[in-house]
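Report on one structure; see the data block that follows.
Computed from the coordinates by the stated procedures, all read-outs in this text should not be read as laboratory data. Just so we're clear, the structure is a prediction, and the values are computed from it rather than from any experiment. Backbone-built Cβ (ideal geometry, glycine too); neighbour counts: all protein chains shown.
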Amino acid sequence: MDIAGIKNIMCEIPMFDNIKQSDIVILASKLEHRRYPADTMVAKEGSAGDSVLFITSGKVEIRKESLDGKYTMLAQHGKGRSVGEMALVRGEATPRGASIVATEPTEALFLSRANFDILIEKNPSIAIQILRNIASTISDRLDHLGSRFADNQR
């Protein structure tokens, strides 16, 4: 998919809402469009966390493996959501804390840590806005988890 196609898809992803229109083309040039068939392991727990995915269609599950080899679903994310954000927040590739599995045919925009580092160096205002958006997303997820935990304690 070309940059114009990626740019059009970006309009549907809230993570990019606060990016200036003049910066969208620059960011689009750093994103890759990827397709994952249903039941595909997108990223395995423990593998190097070196990218974030912005889901444009389909659905993924975030799964944690227990000591007995069974998986627990932690979350499901669909169109407009992102997964793997910590890969950009942490300074170096660290092991993924959970697996990402496409549960139906899924398409996503892929931002590698290497391309994000280029943005930090050459276009820091774009990188800062992405980090702010990621911080907001993580904060929302922590609030949700805190509410779920409190409800379970009652």
**Report entry** Dipole magnitude of the chain about its Cα centre (Cβ charges: Lys, Arg +1; Asp, Glu -1), debye to nearest 20
**Finding:** 140
Report summary line: For Rg and Dmax of the Cα atoms in Å the list reads (i) 14.1, 40; (ii) 15.8, 52; (iii) 16.9, 60; the calculated value is entry (ii)
Report task. Pull out the extension gain between Gln153 and Arg35, defined as 0.36 nm times the separation in residues minus the alpha carbon to alpha carbon distance; nm, one decimal. Result -> 38.5 nm
**Report entry** Cleavage-rule hits, GluC sites (Glu not before Pro), region 52-154, DSSP coil, Cβ neighbours within 10 Å at most 12
**Finding:** Glu92
Report task. Within the set of other residues whose C-beta is less than 14 Å from the C-beta of Arg132, count the net charge using Lys and Arg as +1 and Asp and Glu as -1. Result -> -3
Query raised in the report: Given region 3-153, what count of lysine pairs have C-alpha atoms under 26 Å apart, with each pair 8 or more places apart or on different chains?
Result: 19
Query raised in the report: In whole Å, how far is the Cα centre of region 119-146 from that of region 30-107?
Result: 17
Query - Inter-label distance for Glu104 and Lys64, nm, one decimal - labels placed 7 Å from Cα along Cα-to-Cβ - result: 2.6
